[in-house]
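In what follows, a single structure is set out as structure tokens and then discussed.
The values are calculated or read from the model by the stated rules, or taken from the named source; none is laboratory data. On a predicted model such as this, the values are computed, not experimentally measured, just so you know. No Cβ is skipped: glycine too gets one built from the backbone with ideal geometry, and neighbour counts run over all protein chains shown.
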Amino acid sequence: MSEAHPDDEWQMKSNREDKIVINQPRAFAERKEAARILVERLHYDLPLALDGMENRAEAAYAAWPERLYVVAKGGRISYRGDLGPFGFDPKGMERSLAALVGEPPSPAPPPPGSAAGSGSAEPMPSAVRD
């Protein structure tokens, strides 16, 4: 997907304040670098897939500027949120996920002395693919 607030197009003041300032990627390697910055600086720990430079996922899911989806087995869309960020309905998305997979178990606390929650950067998840 296209970068929503690139420095060379429509930059947001909050991006400058947070020192997350990138240009609109013109090649896939640049898009992958933007994803790496997201993962490292924002401690993003969800699986991540990158749209190709043709932006097919952006077009197919009408996802600009952002939209939440739940995609069930077989590619069936079980939840399609409104445009974000103001149209987000996390509770609606949570209900959709619960209907598909059941209620999630309570997360276990991190072991004593672990790095969890320390704010240290993690390696890029293997879900970020070329």
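Per-structure values
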quantity	calculated
Per-region count, the range 49-94, residues part of a helix (DSSP H, G or I) and exposed (fewer than 13 other Cβ atoms within 10 Å of the Cβ)	8
Residue pairs meeting the criteria (Cβ under 6 Å; at least 6 apart or on separate chains; first over 11 Å from Ile22 (Cβ atoms) and surrounded by 14 or more Cβ atoms within 10 Å (Cβ to Cβ), in the range 34-45; second of a type outside the set (Val, Ile, Thr) and modelled with pLDDT under 85)	Val39/Met124; Tyr44/Leu38
Residue within the range 54-62 that is within 21 Å of Leu97 (Cα to Cα) and in contact with a helix residue (DSSP H, G or I) (Cβ under 7 Å, 6 or more places away or on another chain) present	no
Residue satisfying all of: in the range 46-76; among the acidic types (Asp, Glu) and modelled with pLDDT under 85; farthest from the chain's Cα centre (by Cα) among these	Glu58
Members of the range 69-94 that are among the aliphatic types (A, V, I, L, M) and farther than 23 Å from Gln24 by Cβ	Val70, Val71, Ala72, Ile77, Met93
Contacts under 7 angstrom Cβ, first residue in the range 93-117 being closer than 26 Å to Leu42 by Cα and of a type in the set (A, V, I, L, M), partner surrounded by 11 or more Cβ atoms within 10 Å (Cβ to Cβ) and at pLDDT 70 or above, 6 or more apart	Met93/Leu68; Met93/Val70; Met93/Tyr79; Met93/Gly81; Leu97/Val70; Ala116/Pro110
